[in-house]
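Below: the structure, in structure tokens.
The values are calculated or read from the model by the stated rules, or taken from the named source; none is laboratory data. Just so we're clear, the structure is a prediction, and the values are computed from it rather than from any experiment. Because the Cβ atoms are built from the backbone with ideal geometry, glycine has one as well, and the counts that use them run over all protein chains shown. The area values use the complete protein model at the heavy-atom level, side chains included, leaving out ligands, DNA and RNA. Shrake-Rupley method; radii C 1.70, N 1.55, O 1.52, S 1.80 Å.
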Amino acid sequence: MNIRNRIVSVLIVTVSLLLAAFCYTAPRYIDGFSEALSFLTTIAFLVIAVGYLVVMLLRSRSAYDKNEEILTHLLQSVGAMVVMWDKNRNCISVNETFTNITGLTIEDLRERKSINRIVSGLDASDKKNITKKDISVDIVAKDGTHIQSVWNTSLIKSEGKKVYVSVGMDTTKDYEMQRKLYSFSRELAETENRYTLSMELSEIGVMLKKCGNDNFYISEQFQTMIGISNDFVPVATIRERVHPNDRVVFDTYCSLDESNAKTHSKVSSIEIRILSADDTYHWYLFRYKVSEHTDGVMIGGAILDITKDKTKDALIEEMAYVDDVTGISNRNKFMMIGQETYDCSVELGCAYWLVILDIDNFHIINDTCGYKNGNILLKSVAQVLLKNSQGSSFVARIGGDNFAILIKDDGDANHHVEIIKKIQEEIGGLATGMFATQTITCSAGYCRMPEDAPSFDKAIDYAEFALSLSDDARGTIMRYNRKMHDSIIAGNAIENELAKALENNELVLYYQPKINLSNGEIFGMEALIRWVKPNGQVVPPNMFIPVAEKSLLITKISRFVLREACRQNKEWQDKGLPKITVSVNLTSTDFYQSDVLEEMKKILSETGLEPSCLEIELTESLALKDIDQAVYQMNEIKKLGVKLAMDDFGTGYSSLSYIQVLPITLLKLDRSFVMYLEDDEVSREIVSAVIRIAKSKQIETIAEGIETQSQVEILKNSGCDHAQGFFFGKPMPADEFEKFVREHAGKKMIV
Ligand code: C2E
Ligand code: MG
Ligand code: MG
């Protein structure tokens, strides 16, 4: 019954009683108000007053019953434990949940008389208990077990009665976990004497998680450190607070699971920055291990704020680990992080992509835009890398125009390539402003760790090797593979052997005669290198020249050939042999060396050979690499008086138009032309046409690989000037060749 109704009812009862009293006494004061009327009206008002009183009582009784019914229903249906008790600590009711959890019924509580014996932490006389929330209580269940619970109690006044309603949650499981986590961390701390002894315990926090659980348990100390006031915090919440650059490390720790329990049972440590209570990043040392417990695997350990030490180290670190041009990590830092990442990937069975990027032709940008602007470009490139490698990646400048990135393999086979492509695209976009006239591209070589390489150092070598395969192409992306690896190993072995061979004079020159087709006499010789091993085995040049070309060895070898060929020719001339030309083959590396001319001049003057007795054989593909430079360099050689021959014409790009621009004196038709001369009309037509065009440009022609008399005849009839091949003589060692020349001097070698 509400207040308004009550007031109205009380007024009606009061007025009725007053009117009854008035009617009862009225005959004494009012004439004509008979005794009989007085009796009847008094009774009537009394009946009204009593009637209202009865209705009031009945109404309030049923409202009380109804309230109680609703309350009981509510208490029964909540999932929490509920106990209602009065101010004398007599239990009024308990709900089903309470009985289910504790095994105790209302009768048990009544028998025990006092609610305090069960809910021992609650005391109704203590007002604080009523208002204070979350009181931890140890309940002794019916079977004697202890149930950990947290209670909130409210005071309800119902119809003047004070009723206490206590609502409790069973926290036994959480408590168990907490207890285990504490004992685990204590155990951990004990095993790590060095740390527990040297650090004040109060400064060490604890961070732990159960495998498969997305929440960390964090101790009170750690809560204070990072300004979170919850025992259990989602992993994602902590990750959000971890510094973006440290998330790779943090993720690696989080990726530990049951399968790592055995392999990762020793204590490991990581250093990460976490956004802390004062809203700044603090450095934390987190020492953790994985250990098996009866109800699962726990990962975690002690966490310590090491910001002070780190600040001291920061300056040293900056000097040692930050690249001063770009402000990103330098090679030292990369080596450190890379090694840690490699070790983690081995231990945890995860994978990372190691990518090395190189700005194509950066030296040209440096040369044309200046060194300072070159640095500005490097800075911009570093920013592009940082921007595109956020999250689980690490970037550094590892030297000159080389950058490195570590990308966590997230299972998507294309993710890393997409990142590289995006970086390439954005780097291309840097060609604006002062770089507007440049084409800015970068190439990438990469490998997968640990799968592709047995160590981190090797992983760098392999990614660099993959990068080197792009040769002069721009914007390439190459992955390292084992086949390449094997070929380098083989190449390296040859290279090492070859270097020794050069020192031990195992490289010797053979000479093959060149015949003038018009008079049949020897008019020249080609110096062809051979590697004669101590056991007498003769290794042909195509087995080692390509390997030598990939290293500096080719320069040494070519200088040896040039000097030896000139020396030998001069010696034979001095001995009275006919004055003939010696041809020497040069590779592209030799030809484009800036000091090749100086070297030639020096050798000619030191050996005393006339420049006209020396011929340089170059290939077509070599000339096409940089045609302007090639023409310049050839003209310089020609100015010395040295002859120039184009070797292997007819292979590769073969274009007659080049004959017109290159200042050559001799064109060597490749053996592949000669081979089909006898049977193929088309080959004969081509050879005739080439010879005709060469003649029109005053260029002499020579055919290589002549093996038969009929080939000689066809070539002679086509107007070819000279010939070389087994038909006349195979390449021979110097002493044999000397004899050969003496035997054939002044004689015709063709009929
Ligand atoms: P090339 O300069 O075209 O040399 C001609 C090659 O053809 C030589 O092979 C020679 O032995 C071979 N040859 C000559 N006549 C005949 C013939 O009638 N039939 C057949 N089947 N082959 C014939 P070789 O000596 O094995 O040299 C191969 C290549 O190695 C040379 O091709 C040249 O490019 C390179 N080379 C040789 N010596 C040197 C050198 O000292 N320096 C450099 N850079 N390369 C060299
Ligand atoms: Mg040659
Ligand atoms: Mg040739």
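With respect to ALA49, is the statement that it is modelled with pLDDT of 70 or more and open to solvent by less than 50 Å² (accessible area, probe 1.4 Å) true? Explain how you work it out, then say what you get.
Working: modelled with pLDDT of 70 or more: yes; open to solvent by less than 50 Å² (accessible area, probe 1.4 Å): yes.
Answer is yes for this residue.
With respect to (1) away from ligand 1 (no atom under 16 Å from the Cβ); (2) open to solvent by less than 50 Å² (accessible area, probe 1.4 Å), the lone exception for GLN711 is condition (1). Exactly one residue out of ILE714, ILE691, ILE686 is farther than 19 Å from GLU615 by Cα, touching a Cys at 6+ places or on another chain (Cβ under 8 Å) and assigned to a helix (DSSP H, G or I): that is ILE691.
So, restricting to strands (runs of 3 or more DSSP E) that lie completely within the range 196-297, which ones have at least 1 residues that are at pLDDT 90 or above? I'd like the intermediate steps shown before the answer.
On the way: elements: 204-210, 215-218, 232-234, 268-275, 281-293.
Per the criteria, 232-234, 268-275, 281-293.
Quick check: anything in the range 493-500 within 15 Å of ligand 1 (Cβ to nearest atom), within 30 Å of ALA565 (Cβ to Cβ) and not β-branched (Val, Ile, Thr)? Yes, because at least one residue in the range 493-500 is within 15 Å of ligand 1 (Cβ to nearest atom), within 30 Å of ALA565 (Cβ to Cβ) and not β-branched (Val, Ile, Thr).
Can you find a residue in the range 619-632 that is aliphatic (A, V, I, L, M) and within 16 Å of ligand 3 (Cβ to nearest atom)? For the range 619-632, residues aliphatic (A, V, I, L, M) and within 16 Å of ligand 3 (Cβ to nearest atom): present. Residues that are within 58 Å of the chain's Cα centre (by Cα), at pLDDT 85 or above and small (Gly, Ala, Ser) within the range 669-706 comprise ALA694, ALA703, GLY705, listed in sequence order.
Among the numbered conditions (1) outside any loop (DSSP other than H, G, I, E, B); (2) without any contact (Cβ under 8 Å) to a residue 40 or more places away in the chain; (3) not hydrophobic (A, V, I, L, M, F, W, C), the only one that ARG559 does not meet is (2). Hey, GLY524 hits all of (1) in contact with a Phe, Trp or Tyr (Cβ under 9 Å, 6 or more places away or on another chain); (2) closer than 30 Å to GLU713 by Cβ; (3) within 16 Å of ligand 2 (Cβ to nearest atom) but one; which does it fall short on? The number of the failed condition is (1).
For the range 541-600, filtering for residues that are open to solvent by 40 Å² or more (accessible area, probe 1.4 Å), under 46 Å from the mean Cα position of the chain (by Cα) and of a type in the set (Gly, Ala, Ser) leaves 1. For the range 493-506, does any single residue satisfy the condition of being among the small types (Gly, Ala, Ser), in contact (Cβ under 8 Å) with a residue 24 or more places away in the chain, crowded, with 17+ Cβ neighbours inside 10 Å and farther than 30 Å from THR701 by Cβ? Yes, the range 493-506 contains a residue that is among the small types (Gly, Ala, Ser), in contact (Cβ under 8 Å) with a residue 24 or more places away in the chain, crowded, with 17+ Cβ neighbours inside 10 Å and farther than 30 Å from THR701 by Cβ.
Of all the numbered requirements in (1) among the small types (Gly, Ala, Ser); (2) open to solvent by less than 30 Å² (accessible area, probe 1.4 Å); (3) within 20 Å of LYS333 (Cα to Cα), GLY374 misses one, and that requirement is (3).
Taking the range 341-354, which residues are within 21 Å of PHE403 (Cβ to Cβ) and buried (at least 18 other Cβ atoms within 10 Å of the Cβ)? Within the range 341-354, THR341, TYR342, SER345, TYR352, TRP353, LEU354 meet the criteria.
With respect to ASN505, is the statement that it is touching a strand residue (DSSP E or B) at 6+ places or on another chain (Cβ under 8 Å), assigned by TED's automatic domain parsing to the domain that holds LEU667 and more than 16 Å from ligand 2 (Cβ to nearest atom) true? No. When the range 580-595 is filtered for residues that are closer than 26 Å to PRO513 by Cα and assigned to a helix (DSSP H, G or I), the ones remaining, listed by number, are SER588, ASP590, PHE591. Scanning the range 660-687 for residues that are of a type outside the set (A, V, I, L, M) and within 16 Å of ligand 2 (Cβ to nearest atom), we see that the one that is least open to solvent (accessible area, probe 1.4 Å) is LYS668. Taking first residues from the range 664-686 that are more than 14 Å from ILE702 (Cα to Cα) and not assigned by TED's automatic domain parsing to the domain that holds SER583 and partners that are within 16 Å of ligand 1 (Cβ to nearest atom) and part of a helix (DSSP H, G or I), no Cβ contact under 9 Å between residues at least 6 apart in sequence or on separate chains turns up.
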